[in-house]
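Contents: one structure, followed by commentary.
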Amino acid sequence: MPEMSKMKKPDVKVVLLGDMNVGKTSLLHRYTERKFKDTISTVGGAFYLKQWGPYNISIWDTAGREQFHGLGSMYCRGAAAVILTYDVTNWQSLAELEERFLSLTDTANHDCIYAVVGNKADLTDPKAQLSRDSDVAPEDRTECEEDRTEPEVLSACPTPPASPASLSGVMLHKQVAPEDAAAFYGRILRYKGLDEKSSLPAEKMCFETSAKTGYNVDALFEALFDLVLPSILRKRNENQESPTVDLEECRGTSSKRSRTSCC
Amino acid sequence: MSVKAFELVPAVERDLLMGDKARINIECIECCGKHLYLGTNDCFIHHFLLDEVTSSKGKLSYSAQKLLHKYLGLKKPVAELRAASALERLIVLCDGIVFLVDMVTLETVPSAAGGGAKIRGVTAFCINENPVNGDPFCVEMGVLSSKRRTVQIYMVYEDRVQLVKEVSTPEQPCAVSLDGYFLCLALATQYMILNYNTGASQDLFPYNSEDRRPIVKRIGREEFLLAAPGGLGMFANAEGVSQRAPVNWSESVIGAAVCFPYVVALDESFITIHSMLDQQLKQTLSFRDGHILQDFEGKVILASTKAVYVLVPLPLEKQIQDLLASHRVEEALILTEGAQRNIPKDKFQILHKRILQQAGFIQFGQLQFLEAKEHFRKGQLDVRELISLYPLLLPASSSFTRCHPPLHEFADLNHLAQGDQEKVLRCKRFLISYLGEVRSTEVANGCREDVDTALLKLYAEQDHDSLLDLLASENACLLADSVPWLEKYHKYFALGLLYHYNGQDSAALQVWIRVVDGELQDSTRSDLYEYIVDFLCSCANLDLIWKYADWALQKDPTNGVHIFTKRPGSKDQPELNSDDVITYLEKHNQALLLYLEHLVLERRIQKEKFHTHLAVLYLERVLSLISESPKDEEKLTRARERLQALLRESNLYRVQYLLGKTESCEQLLLERATLHGKLEEHDKALHILVHKLRDFPSAEAFCTWASSSRDSAYRQQLFHLLLGVYLDGNQTAAGGGNGDLEMAAVDLLNRHGEVFDAVRVLRMLPEGWSLQLLRPFLGRAVSASMHACRTSQIALGLSHSENLQLLHDRLKERKKPIFVSEKKGCHLCHNTFSEPDVVCLPGGVPVHTHCVAQRVRDSPTKRQLTNSSNHT
């Protein structure tokens, strides 16, 4: 079999985990495509390669459905950051993170960082209805609102992807308070056997976002990317010290050398 | 969705294999080069020679020739066949036994003396295609046995098999694949990676092997494709990490293989083809009773229970072209870029560029200009390909021919737009912006003329503002092509610019002049006449100026003369000779006047000729205005003011000449007075002013003017002269005179009292004048006299005190007394002193008073220097 075409080799991996319908795919869409659109339930997983300065960061969007649960630990293997996503209007979605998803992160790097993200903040929080991302055009937003209202009217799903509340202006009850998320973050650290004092503080690692309005989405991803930078650099260093001889590289340098020595 | 990535081609038809025996089914296949082996359920191995036949139309088909078949004698289906071509052996699994048969004769290989050639109790085995062991004459094989939870590693030689390693697994394995030291295993409830060398294991993910048949397929170096729950095709590498997103199969996949960049999978009724690049389903082929799907050295072979087929990939380029043909630009590009590694670099670059260009044209056709532009840019499109879509834009002289095969399906823009003028317009606007962007980049290298000419045509046609910018800056517009185009759209001003840019200033001027004259219509510039004047003004070619200035001056002498007056005096421009200009302007009176004014008044050129000429022209104008009837008083006044100003201020014109010219006209007395003044004939001048004009303010002003640059004595003399004229006139006109001269004299004295010598004035004045009449003059005279007296007294006093001060200082300086005695002699007469009064010379030398007096009398100039003092 011929050598498989390699895509740009990612330097580091970030994984989105969370129950179905909390908005993992929408978060990734909002971040990568700057818009909110209808998504269908993710099958298996998908990933996106983000160019972050000179680095390639692969962001894995996983399937929240129970059916694909078994694949989670494989996706998490070697992850430098895990985004544990819940829905602020759904207490159960936070509980699921602890019950089902936290154990999947066992395969992640030892120095993996964890972010706890409450999505759909626009449904409970007026300030999240205004985007913090300057590039969200107003007409874009109205379009989104239409987009989002239509599925949940028919949906019998216990955790609707959104509710018509945002249209009528009535706020939904917020089931998960930021303190709950912070407490969960504390339990993650304990689960990992990490010292709370030497780890990143909860206030830095807990976010409330809205993929619909773009609220806090860039802030979330960019904060994480900044935090995984040391991990990237260490990985690059290890690769440099690797005893494997890279033929491609050797060829490159030798041809260069011969060119300079010529005439 | 559908891409045609593969074609299903029959290889071995049912008839050839089993004729009319309905019970016989294919159980397994192996293909090695042209040799195809089939294992059947009746324990036969069939050997075919498979030849590729390409028809004249390029269609691929297979012809199979049966070489041999052989009964293995076990009455059980042949479960697995694998070729070890270097050993010329087939490894066969039948009835739980692995054994070797000769590839050519299909005879079972007898066990060698040293060891067995059979393994019993085998459920499945796999060959290591990437063995760590370098021996080419043995094959590494992973074997799963039915009883034990182990995987055994065997080395297969020509006539024997040898167990080299046995590793235990946590559960009963049911499928295996091998790469290097890594075993990828499907256990009863999960997949795992196991390193048989170190024993290290890595769980992958859970999977229930009872629900679905597991698939463990090595797809490349240390990478495996696995059937995952939910009908997923998951990728995993030896480290247990997934580096590609999964593909979404159906739940009942039987077999899968990778034929880059596609994942091919088989279920009961379909072959599905997913792209590994975007995970999307690309093609579905109906395939009934599918049974086996395997890839052999890149060739994907399928089998139903009765027949064998080859899944032939269409050439990548064809696939890409198909995608483009159905306008699936993104997919085509992903496929192209994904194939980068499979195509030689130089070939890839050519292909990639071409695909990008084609993609750009598709998006262009859909009016997605932003995307189109990006692809044109990346694909380094020869911009003329795009220009050539627009009829008539490429210059006739352009050597360009469209690339073949064509990059797009459009004949031209009209074909593309199908008569939709709005579309045409948008395309044109796009081209304008695109050409505007690329014309200064390397994209336009080698075809700058074509680009700029096309842009010019578009600008002209679309009435675009940038047309003028294009022509006014550096450009490569072709004259021959652009001229008719600009004429067609009445862009005559622009046409002139184009001529100018090409060094044809004369042609430019001719076009512009015709526009100004109304022969041609172009409203680009309402001030085109001024533009022409400016143009000529800064024109380096003097011949052109002489040629076209005439027209400009006739059109508007006032502005036309700017050609000469506003000429910037820069170094690289030839200077115009003023005399030539004056000669040239002879027939343009007004312009000549303006030009002379420019020379004399603005540039202040000190040449008698110009000054006289200007004065004469002024004079002539005044004279002509005077002779007009009815007179335009206002004009006349202005003309005279100018004349007078020049006469007063210039010292260069020929006074006598002008005086001669004014003599004839009785109305120009003021001017004559001025001229007399210039000749210092002040009495004549004043005579005219006082007696002829009786214009006393002018007479006074004359005195002030005529003495303006002289000393006060001259001024006094002039005023006295005027006073004299007043008083004389008064006497001669006594009796008949109405006394206005007298009043003028009084006013003069009262107004300019300070100029007069009061004593002289008093002597001149008639006896009868009342003191009251002259009171202001006298008052001022007395006070002036008093003032002078007091001022001089103060000056005297100040000088005196200064003198004393200096004296004091000097004494202080010298300090020592001067001794005078009877024994000492005077230095001047050498007699002794007889009295204490002496004079001290500088240096403290005492001398007789009378001796000094004597000396002072001899040299009067030194009077000031001596000071007398008494010392006793």
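Selection of region A:21-60 for residues being more than 11 Å from chain B (Cβ to nearest Cβ) and in contact with a Cys (Cβ under 9 Å, 6 or more places away or on another chain) yields A:Asn21, A:Lys35, A:Phe36, A:Lys37. Counting only residues that are among the charged types (D, E, K, R) and closer than 18 Å to B:Glu239 by Cα, region A:61-110 holds 2 of them.
Farther than 19 Å from B:Leu367 by Cβ, surrounded by fewer than 15 Cβ atoms within 10 Å (Cβ to Cβ), in contact (Cβ under 8 Å) with a residue 24 or more places away in the chain and out of contact with any Pro (no Cβ under 6 Å at 6 or more places or on another chain) - does that describe any residue in region B:453-463? Yes; the residues of region B:453-463 include at least one that is farther than 19 Å from B:Leu367 by Cβ, surrounded by fewer than 15 Cβ atoms within 10 Å (Cβ to Cβ), in contact (Cβ under 8 Å) with a residue 24 or more places away in the chain and out of contact with any Pro (no Cβ under 6 Å at 6 or more places or on another chain).
Of all residues in region A:44-59, none are closer than 22 Å to A:Arg190 by Cβ and in contact (Cβ under 8 Å) with a residue 40 or more places away in the chain. Picking from residues in region A:13-31 that are in a strand (DSSP E or B) and among the β-branched types (Val, Ile, Thr), the one that is farthest from A:Ser41 (Cα to Cα) is A:Val14. Scanning region B:699-726 for residues that are buried (at least 17 other Cβ atoms within 10 Å of the Cβ) and outside any helix (DSSP H, G or I) turns up just one, B:Ser707. Listed by first and then second residue, the pairs with beta-carbon distance under 9 Å, at least 6 apart or on different chains, first residue in region A:61-87 and within 16 Å of A:Met20 (Cα to Cα) and at the interface with chain B (Cβ under 9 Å from one of its Cβ atoms), second charged (D, E, K, R) and surrounded by fewer than 22 Cβ atoms within 10 Å (Cβ to Cβ), are A:His69/A:Arg100; A:Gly72/A:Arg100. Looking at region B:250-359, the strands (runs of 3 or more DSSP E) lying wholly inside it that each contain 1 or more residues that are within 20 Å of B:Leu38 (Cα to Cα) and among the hydrophobic types (A, V, I, L, M, F, W, C) sit at B:255-259, B:262-266, B:290-296, B:299-304, B:308-313. The single condition among (1) within 14 Å of chain A (Cβ to nearest Cβ); (2) surrounded by 22 or more Cβ atoms within 10 Å (Cβ to Cβ); (3) under 24 Å from A:Ala108 (Cβ atoms) that B:Asp179 does not satisfy is (3). For region B:291-306, the criterion of a residue being touching a Ser or Thr at 6+ places or on another chain (Cβ under 6 Å) and closer than 30 Å to B:Met18 by Cβ is satisfied by at least one position.
Taking the condition touching an Asp or Glu at 6+ places or on another chain (Cβ under 9 Å) and surrounded by fewer than 16 Cβ atoms within 10 Å (Cβ to Cβ), does B:Lys692 pass? Judged against the criteria, B:Lys692 is a match. I want to confirm something. Restricting to region B:810-823 and keeping residues that are in a helix (DSSP H, G or I) and loosely packed, with under 10 Cβ neighbours inside 10 Å, which single residue is modelled with the lowest pLDDT? Per the stated criteria, the residue is B:Glu813. Pairs meeting the criteria (first residue in region B:39-62 and on the phi > 0 side of the Ramachandran plot, second residue loosely packed, with under 13 Cβ neighbours inside 10 Å, beta carbons under 8 Å, at least 6 apart or on different chains) are B:Cys43/B:Tyr71; B:Cys43/B:Gly73; B:Cys43/B:Lys75. Just one of the numbered conditions (1) touching a His at 6+ places or on another chain (Cβ under 9 Å); (2) within 13 Å of another protein chain (Cβ to nearest Cβ) is not true of B:Leu302: (2). Within region B:194-231, the set of residues being touching a Phe, Trp or Tyr at 6+ places or on another chain (Cβ under 7 Å), among the acidic types (Asp, Glu) and at the interface with chain A (Cβ under 8 Å from one of its Cβ atoms) comprises B:Glu223 only.
When B:Glu222, B:Glu251 are screened for being at positive phi and either surrounded by fewer than 20 Cβ atoms within 10 Å (Cβ to Cβ) or in contact (Cβ under 8 Å) with a residue 12 or more places away in the chain (or both), only B:Glu222 passes. Scanning region B:691-700 turns up one or more residues that are in contact (Cβ under 8 Å) with a residue 40 or more places away in the chain, among the charged types (D, E, K, R) and under 27 Å from B:Val746 (Cβ atoms). Only one of the numbered conditions (1) away from chain B (no Cβ under 14 Å); (2) in contact with a helix residue (DSSP H, G or I) (Cβ under 9 Å, 6 or more places away or on another chain) is not met by A:Gln92, and that is (2).
Being in a loop (DSSP other than H, G, I, E, B), loosely packed, with under 12 Cβ neighbours inside 10 Å and not basic (Lys, Arg) is the requirement here; does B:Gly797 meet it? No; evaluated as a whole, the condition is false for this residue. Scan region B:234-243 and tell me whether some residue there is modelled with pLDDT under 90, within 10 Å of another protein chain (Cβ to nearest Cβ) and on the phi > 0 side of the Ramachandran plot. So far as region B:234-243 goes, yes, one or more of its residues are modelled with pLDDT under 90, within 10 Å of another protein chain (Cβ to nearest Cβ) and on the phi > 0 side of the Ramachandran plot.
Checking B:Ile334, B:Ile350, B:Ile355, B:Ile320 one by one, the residue that is farther than 30 Å from B:Ile24 by Cα and within 14 Å of chain A (Cβ to nearest Cβ) is B:Ile334 and no other.
Would you call B:Ala540 within 18 Å of B:Ser506 (Cα to Cα), among the small types (Gly, Ala, Ser) and either assigned by TED's automatic domain parsing to the domain that holds B:Leu614 or in a helix (DSSP H, G or I) (or both)? In short, no. Within region B:658-666, identify whether any single residue is over 60 Å from the mean Cα position of the chain (by Cα), surrounded by 20 or more Cβ atoms within 10 Å (Cβ to Cβ) and either closer than 21 Å to B:Trp705 by Cα or of a type in the set (Phe, Trp, Tyr) (or both), and answer yes or no. Taking every residue of region B:658-666 in turn, at least one turns out to be over 60 Å from the mean Cα position of the chain (by Cα), surrounded by 20 or more Cβ atoms within 10 Å (Cβ to Cβ) and either closer than 21 Å to B:Trp705 by Cα or of a type in the set (Phe, Trp, Tyr) (or both). Just to be sure, is B:Glu461 assigned to a loop (DSSP other than H, G, I, E, B) and of a type outside the set (Ser, Thr, Tyr)? Considered against the rule, which asks whether it is assigned to a loop (DSSP other than H, G, I, E, B) and of a type outside the set (Ser, Thr, Tyr), B:Glu461 comes out as no.
The values are calculated or read from the model by the stated rules, or taken from the named source; none is laboratory data. Remember, it's a predicted structure, so these values are computed and weren't measured experimentally. Cβ atoms come from the backbone with ideal geometry, glycine included; neighbour counts cover every protein chain shown.
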